[in-house]
Amino acid sequence: MNETTRMTWLSILLKVLSLGFLAAFIPWITLILLRVPILAPGGGLAPLLRFQPYNAHYESMMAAIYIAWAVMLWRASGNPAKHPLFIDFTIWATAAHALVMLIATPIQKGLLMTVIEGLPLLVIAAVLWWLRPRRSAHQAHPREHRQHVP
């Protein structure tokens, strides 16, 4: 796959990921903060969509981070080649989140939710890694091109 095609696919993936974060975290935190019974402690979906002990303040903070992250993913999707550090951060953060979920989810929620919550994060990290911008051999770090002036 050539670099142009890879950047096109990366741009699409970043947009999909951004929209996914927004579609997941805005309704999720809204329902929690409004104490909608289905996600409230004891509610039907709370054991599946929240970790215990329930903590709306912590969940709000995490949702805010993911919503800001989504906005930045959307911005980076316009020209992914100019944002390799942010894309690398997204890969590492998603992989780290996946590893935590693969440990914590089976303990609290069971194997089915592990497959639903943890494995997709690993797939996202792997696909991002495969599509990420690459530095070609002729592209050196800008500091390497500076000449030393006495």
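Structure summary
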| read-out | value |
| --- | --- |
| The chain, helix-only ellipticity at 222 nm - DSSP H runs n ≥ 4, -39,500 (n - 2.57), divided by all residues, nearest 500 | -23000 deg cm²/dmol |
| Three-way shape label, segment 31-125, alpha-carbon gyration tensor, a/c 1.5 | oblate |
| Coil-residue trypsin sites (Lys or Arg not before Pro) of segment 3-70, DSSP, other Cβ within 10 Å capped at 16 | Arg35 |
| Net charge of neighbours whose Cβ lies under 12 Å from the Cβ of Gln108, counting Lys and Arg as +1 and Asp and Glu as -1 | +1 |
| GNM flexibility winner over the chain from Leu131, Leu45, Leu121 (Cα, springs under 10 Å) | Leu45 |
| Computed lengthening from Leu48 to Phe86, 0.36 nm per intervening residue step minus Cα-Cα distance | 10.6 nm |
| Pairwise label distance in nanometres, Ala24 with Leu122, each label 7 Å out on the Cα-Cβ vector | 1.6 nm |
| Computed over the chain: relative contact order in percent, which uses C-alpha pairs under 8 Å that are six or more apart | 29 percent |
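Each reported figure results from applying straightforward, stated rules to the coordinates on display, with no laboratory input. Everything numeric here is computed off the predicted structure, so don't read it as measured data. FYI the Cβ positions are ideal-geometry reconstructions off the backbone, even for glycines, and counts take in every protein chain you see.
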